[in-house]
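All remarks here apply to the structure that follows.
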Amino acid sequence: MKIHHIGYLVKKLEKAAAEFEKLGYVRQGEVTNDTYRKVDILFLEKDGYVVELVSPNAPDSVVSGLIKTYKNAPYHLCYICENLDEEITKLTGEGYVQIDLPTPAPAIGGKRVSFLMNRFIGMIELLEQ
Ligand code: NI
């Protein structure tokens, strides 16, 4: 599976984006309000690396708990897969725990994504091609 992006948790999305821009990252599109997960999302790219800034926009956001633990930090790698359901079945068979049902990602053209947890490497995201 190819890597699509690095998910980066940030408390202040615009301030974080400005800092990434100073490092040479370029914005890809506009900030998207992901109403499924109650987060604001912005993609930036540098040298072929894509960083996804994720910031909670409601107290009950899916990342409200994570941000208390991680502060501002990378927290998942997202992998592109051909068949999301097959890949989830394969990985859960290998010890990953699925932590949400496949849901459209408004910031990625509505393609389906799902998150899984691995006890040794933390969280990964799968993105259906
Ligand atoms: Ni992501």
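Read-outs: derived from the displayed coordinates by stated rules, not from any lab. These numbers come from a predicted model, not from an experiment. Using ideal geometry, Cβ is built from the backbone for each residue, glycine included, and neighbour counts are taken over all protein chains shown.
General observations
- Cβ-Cβ distance of K22 and T89, R₀ of 41 Å, FRET efficiency by 1/(1 + (r/R0)^6): the value works out to about 0.45.
- Estimated [θ] at 222 nm from DSSP helical runs (n ≥ 4, -39500 (n - 2.57)) normalised by residues in the chain, nearest 500: -6000 deg cm²/dmol
- Global geometry of the chain, whether rounded, prolate or oblate, following the gyration tensor of its Cα atoms and the 1.5 cut on a/c: prolate
- Residues whose amide H comes within less than 5 Å of that of H76, counting only those at least five positions distant or on another chain, are G7 (H built at 1.01 Å from N in the peptide plane).
- Amide H contacts under 5 Å for V50: I6, restricted to partners 5 or more places along the chain or on a different chain, H placed in the peptide plane at 1.01 Å from N.
- Using alpha-carbon coordinates, inclination of helix 13-22 to the longest axis of the chain, degrees: 80 degrees
- Environment charge at S64 (Cβ cut-off 12 Å; Lys +1, Arg +1, Asp -1, Glu -1): +3
- Between the amide H of Q98 and those of M117, distances stay under 5 Å, these residues lying 5 or more places away or on another chain, with hydrogens modeled in the peptide plane.
- Burial ordering of D60, D34, fewest other beta-carbon atoms within 10 Å first: D60, D34
- Angle in degrees between helix 84-93 and the longest Cα principal axis of the chain, rounded to the nearest 10: 70 degrees
- Residue of N118, N33, N72 that the Gaussian network model of the chain assigns the largest fluctuation, springs spanning Cα pairs under 10 Å: N118
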